[in-house]
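Down below is the structure, laid out as structure tokens.
Every number in this text was worked out from the coordinates using simple rules, so none of it is lab data. Keep in mind it's a predicted model, so treat the numbers as computed, not measured. Using ideal geometry, Cβ is built from the backbone for each residue, glycine included, and neighbour counts are taken over all protein chains shown.
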Amino acid sequence: MAVDDLWYLRQRDAAGERVASQRHGRGKRWRVRWVDPETGQTRTELFGRRADAERHDANMHADISRGQYVDPRAGKLTVETYAGQWRQTLLHRGSTAERVERVIRRHVVPVIGALPLSQVRNSHIRGCVKDRAQHLEPSTLKVVFFGTLVPMFNAAVVDRRIGTSPCAGIRLPDVPDSRYYIARPEEVHALAFALPERYRGIVYLAAGCGWRGGEIFGLERDALDLDGREVHVRHQLAVITGRAPHLTPTKTKSSVRTNELTAAVVDALRTHLATFRIHPRRSRTRPTRAARRFGRRTWACRRASACGTCATTSRRSSSTAARTSRRCSSPMGHTTPTITLNTYVGHWPDAVDQTRTLVDSALGCTAAVPAGTA
């Protein structure tokens, strides 16, 4: 590695004076040369000031010796171009890949897409977050930042296109606590009978098992054991732009499960099977009409409410929170019981009353005077 003065030749004249080069007085004067440790090729960078050139030379020397060298040219790729390349390498499900593409197109490219990777600073990311905060809910902004920007720039670091991620230390708006509406049993029945008869079983599956919408629409006839009062979750229906609805693996490994069915759910499913003709599956594709008409327009029984109903009902028949979590997390397909408790425990209608009852039973309804005191 070396710092060269391009305005003067290395040799001197007879008087010992420096000899000016043909580019004397034109362009940047100082050139830094080093050998790329990965390719063995010579790299150069020009600077107008000697101090800047010497600083760059020292940094290159230190990065190479520490094994942290990053080719300056690698960071010239724009954020938009790199985001497209990065997205193509992800092992995402179809629906997740579609979401990532949409986030990049709508929220990343319009703000910082034209910037070279190496020029993206922490201030640019703060500006991007502030700009998007005007259009997105805090929970959605969290998905954009932690689900897309952070992993994308982390990948750029691993790819040695940039030295450090500009996303460090970014503060996002606080996400307010979600207030889920927990449907009461009579409201579940009312909702079911307010819908066309073909869709009533969907409501009971959602409220009785806490299934995701895709799991309900992907239910197969051979997954039902109504005599044994069980139903098996094996896959789900995916609706992706540009493709016909089709069956895909479940969201997580814990989503593959067997649920016990209550009498109400069994009755609803028996009625559905007796009323409507169910064709055996010939392929893993699905007609679009039912999924789109109900799944996108009439999904009135939101999963939050349905899961809350399932969790609340299970809790009322459980003696401890731990037992509740074991019963609820498996039917809903949550990875851990903590997810179930953190999401729904604050919304159980009778939680406060039952806590008071437990304390009253331990202490009594009136304050007792300790023995030996006046």
Provide, for q = 0.09, 0.20 Å⁻¹, the log10 of I(q)/I(0) from a solvent-free Debye sum over equal Cα point scatterers in segment 130-278.
-> -0.48, -1.22
Work out, in µm²/s and without decimals, the Stokes-Einstein translational diffusion coefficient of segment 2-69 at 25 °C, 0.890 mPa s, Rh from Kirkwood over C-alpha pairs.
-> 185
Placing each pseudo-label 7 Å from Cα in the direction of the beta carbon, His124 and Thr271 end up separated by a distance in nanometres of 5.9
For a label point 7 angstrom out from the Cα of Thr42 toward its Cβ, which stretches of segment 1-18 have the backbone nitrogen within less than 12 Å?
-> 1-4
Rounded FRET efficiency, nearest 0.05, which uses the C-beta distance separating His246 from His61 and R0 of 51 Å | 0.40
Yeah, segment 177-237 with a ≥ b ≥ c from its alpha-carbon gyration tensor (a/c under 1.5 is rounded, else prolate when a/b outruns b/c, oblate otherwise) is prolate
Long-range amide H partners of Glu45, meaning residues 5 or more apart or on another chain whose placed amide H is closer than 5 Å, are Val32
Given +1 on the Cβ of Lys and Arg, -1 on the Cβ of Asp and Glu, and no further charges, what dipole in debye does segment 76-158 carry about its Cα centre, rounded to the nearest 20?
-> 80
Which parts of segment 50-66 would a label at Ser21 reach, counting a residue when its backbone N lies under 18 Å from a point 7 Å out along Cα-to-Cβ?
-> 50-57
Subtracting the Cα-Cα distance from 0.36 nm times the residue separation, let me have the gained length for Arg99 to Glu230 in nm, one decimal.
-> 43.8 nm
Computed D for segment 44-108, Stokes-Einstein, Kirkwood radius over alpha-carbon pairs, 20 °C, 1.002 mPa s, to the nearest µm² per second, is 144
What does a probe at Val35 reach in segment 1-21, counting residues whose amide N is under 15 Å from the point 7 Å along Cα→Cβ?
-> 1-2
Residue-span extension gain [Gln134 to Gln11] - 0.36 nm each, minus C-alpha spacing | 38.1 nm
